[in-house]
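K.L.:
For reference, the structure I am asking about is given below.
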Amino acid sequence: MTSITHTTSVPKRSLFDHIENLLPKIVLAPTLVAGLVFVYGFILWTAVLSFTKSRLLPKYEFVGLYQYLKLFTNDRWWVASKNLLIFGSLFVVICILLGLLLAILLDQRIRIEGAIRTIYLYPMALSFIVTGTAWKWILNPSLGFERLIRQLGFENFSFDWLVNSDMSIYTVVIAGVWQSSGFVMALFLAGLRGIDDTIIKAAQVDGASLPRIYWRIIIPSLRPVFFSAVIILSHIAIKSFDLVMVLTRGGPGYSSDLPATFMYAFAFTRSRLAFGAASAMVMFGAVMAVIIPYLYSELRVKRNE
Amino acid sequence: MNDPMVHTAPKTAGVFAGRLFIYGLLILMVFYFLLPFIVMVLTSLKTMADIRTGNLISWPREFTLDAWKTAWGSACIAVECNGIKVYFWNSVKIVVPAVTISTLIGAANGYVFSKWKFWGSEVLFSLLLLGCFIPFQAILLPMAQTLGKLGLSQSLAGLILVHIIYGLAFTTLFFRNYYVTIPDELVKAARIDGAGFFRIFWKILLPVSTPIFVVCVIWQMTQIWNDFLFGVVFSAGGNQPITVALNNLVNTSTGTKAYNVDMAAAIIAATPTLLVYIVAGKYFVRGLTAGSVKG
């Protein structure tokens, strides 16, 4: 807390001064009202909707936890949740491993580091819809990757994940990792650059090998970056919607549905408002469970500084 | 960094092989990241006959811009066959006002949250911060109802409004975190000299704000241009943004698939954000990390 507000020496308080003192709050007011209504109010409204039996239009007849019971006995919801678990864990783990590897490689005094970094990171500038369009074509079961390998001489090669209901969710992982691992690399690279050189130099003088220095000293000191990366990636995973919509549209059938596409399907194309609202609230709970501990720790760190 | 002590190790064959391995791996990954884009460009320059006989990375037998012309001006999206140009301009019409307004409000908010703290302002900031992270699914249904009541459903104005509202948390965060680093003494001195709220902002903070404006504008522009969820839920027909149009084009089930047109359309959709990234990559990365790590 700063004490700017107390340093002025105004002899007498006029109306003008009064307004001047209120100005900061007046400036902030529209945003705070918008936040209160459009974020907190709307979440509450969604929660209320989820306790009704609204279908095409909101109808405020309350049915308690009926929609949630329906949701948790809905096979499609479990497929979506299981897919989120598969997609989320693979996406987070592969992005972190790949991102860390790339960051360590790039941290070895590479001549054209700037250019390489730019290339690794450019997918982050693309829309998931563009990324999805590209990978949908690459993974095309007849003309894409399969054709390429067959033309190289492997006549019996087959790659049909995009239309195979057991494998379709993994195509989302492939495209998602391609899009986001460069970003994780940037996070780790920033972390690596922030490490105090002296400990590493001391270890080098002691004759420790480079892999050993990384394993024992550098990687453990990146723990905060790991923490941030896991949170950010999980958060992206839970909200994932665009990529599935363009790659597989949740199909074949609903084999690659994620909670976000599930919510969209029921709330907006199948006109089951309350049911969709219930699924949205479960998603909201999941994101908060990930984010609140993160924000808490971030803010606590800042206060301790 | 430049300590000669560390680098006195003799350049043996082992060291050389190690360097070769590192560079080899790095170049391999360069191809991994570039290949999808190369495939897109190659495919967009081929004819459909060429696509059916060649493969993903085969060189086009003859280069043609037909797919690009079709994608821009005559490809069929839903029932209209006017290409993606209408949707491209829709996105421009959404991005310009939404980015401008959300950035300006964010700057003012950040100024208050950093230099005019009052009792409870830190708590309010934390509560606002949560807005960066909520899954938008939790607000879609009420927002659709509200836009309907306001007579803005499925209009560009409605979509602009939505982007401004849900962009404010981020823009405020950017400016607040930037202004916190500017010494309070400057503000105090100006106050003693009798400068008021707006004058201090105008004379002291605004002149040093260029970098954060660039970061914020790039972040917002990329977010809004690339948005799909709001676009698909809150717009329809001729008012859709380019991401929604691209998805409709790619996932249409009528007629024969023209993969070259899909790829050309995807590259067109990617061009504005890609250009910004190439021109101002440094600021783009700063936005990414500021928006996440400092969350």
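K.L.:
Being small (Gly, Ala, Ser), over 30 Å from residue A:57 (Cβ atoms) and touching a Leu at 6+ places or on another chain (Cβ under 7 Å), is that true of even one residue in the range A:210-232?
P.N.:
yes
K.L.:
Here's a follow-up. Which residue is surrounded by the most Cβ atoms within 10 Å (Cβ to Cβ), if the candidates are limited to the range B:43-66 and must be under 11 Å from residue B:263 (Cβ atoms) and at pLDDT 90 or above?
P.N.:
Across the range B:43-66, the extreme among qualifying residues is B:43.
K.L.:
Scan the range A:35-52 for residues that are at the interface with chain B (Cβ under 8 Å from one of its Cβ atoms) and touching a residue at least 60 places away in the same chain (Cβ under 8 Å) and jot them down.
P.N.:
Those that are at the interface with chain B (Cβ under 8 Å from one of its Cβ atoms) and touching a residue at least 60 places away in the same chain (Cβ under 8 Å): A:43, A:46, A:49.
K.L.:
Related question: Suppose we filter B:87, B:111 for residues that are within 10 Å of another protein chain (Cβ to nearest Cβ) and of a type in the set (Ser, Thr, Tyr); which single one remains?
P.N.:
Answer to the check: B:111.
Quick grid of which residues meet (1) of a type in the set (Lys, Arg); (2) outside any helix (DSSP H, G or I):
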| site | (1), (2) |
| --- | --- |
| A:212 | yes, no |
| A:215 | no, no |
| A:236 | no, no |
| A:244 | no, no |
| A:252 | no, yes |
| A:256 | no, yes |
| A:264 | no, no |
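K.L.:
Say we look at the range B:38-63 and pick out the residues that are in a loop (DSSP other than H, G, I, E, B) and under 30 Å from the mean Cα position of the chain (by Cα); which of these is farthest from the other protein chains (Cβ to nearest Cβ)?
P.N.:
So the residue we want is B:45.
K.L.:
Please work out which one of (1) over 22 Å from the mean Cα position of the chain (by Cα); (2) closer than 30 Å to residue B:282 by Cβ; (3) among the hydrophobic types (A, V, I, L, M, F, W, C); (4) modelled with pLDDT of 85 or more is the condition residue A:205 fails and give its number.
P.N.:
(2)
K.L.:
Quick check on residue B:239: is it over 17 Å from the mean Cα position of the chain (by Cα) and crowded, with 16+ Cβ neighbours inside 10 Å?
P.N.:
Criteria met by residue B:239.
K.L.:
Looking at A:197, A:242, which one is buried (at least 22 other Cβ atoms within 10 Å of the Cβ) and among the charged types (D, E, K, R)?
P.N.:
A:242
K.L.:
A further question follows. Could you check the range A:90-199 for helices (runs of 4 or more DSSP H) lying wholly inside it with 3 or more residues that are more than 10 Å from chain B (Cβ to nearest Cβ)?
P.N.:
The qualifying helices (runs of 4 or more DSSP H) are A:168-193.
K.L.:
Which residue, of B:274, B:246, is out of contact with any strand residue (DSSP E or B) (no Cβ under 9 Å at 6 or more places or on another chain) and facing chain A (nearest Cβ under 10 Å)?
P.N.:
Just a single option satisfies the conditions, and that option is B:274.
K.L.:
Now a separate question. Does at least one position in the range B:176-198 carry a residue that is under 21 Å from residue A:39 (Cα atoms), in contact (Cβ under 8 Å) with a residue 24 or more places away in the chain and in a helix (DSSP H, G or I)?
P.N.:
yes
K.L.:
When you scan the range B:111-122, do you find a residue that is out of contact with any helix residue (DSSP H, G or I) (no Cβ under 7 Å at 6 or more places or on another chain) and of a type outside the set (D, E, K, R), even just one?
P.N.:
Checked the range B:111-122: at least one residue is out of contact with any helix residue (DSSP H, G or I) (no Cβ under 7 Å at 6 or more places or on another chain) and of a type outside the set (D, E, K, R).
K.L.:
Shifting gears a bit: Return yes or no: is residue A:71 more than 13 Å from chain B (Cβ to nearest Cβ), at pLDDT below 90 and farther than 30 Å from residue B:102 by Cα?
P.N.:
Judged against the criteria, residue A:71 is not a match.
K.L.:
So how many residues does the range B:121-131 have that are more than 7 Å from chain A (Cβ to nearest Cβ) and either buried (at least 20 other Cβ atoms within 10 Å of the Cβ) or among the charged types (D, E, K, R) (or both)?
P.N.:
2
The values are calculated or read from the model by the stated rules, or taken from the named source; none is laboratory data. Everything numeric here is computed off the predicted structure, so don't read it as measured data. Cβ atoms come from the backbone with ideal geometry, glycine included; neighbour counts cover every protein chain shown.
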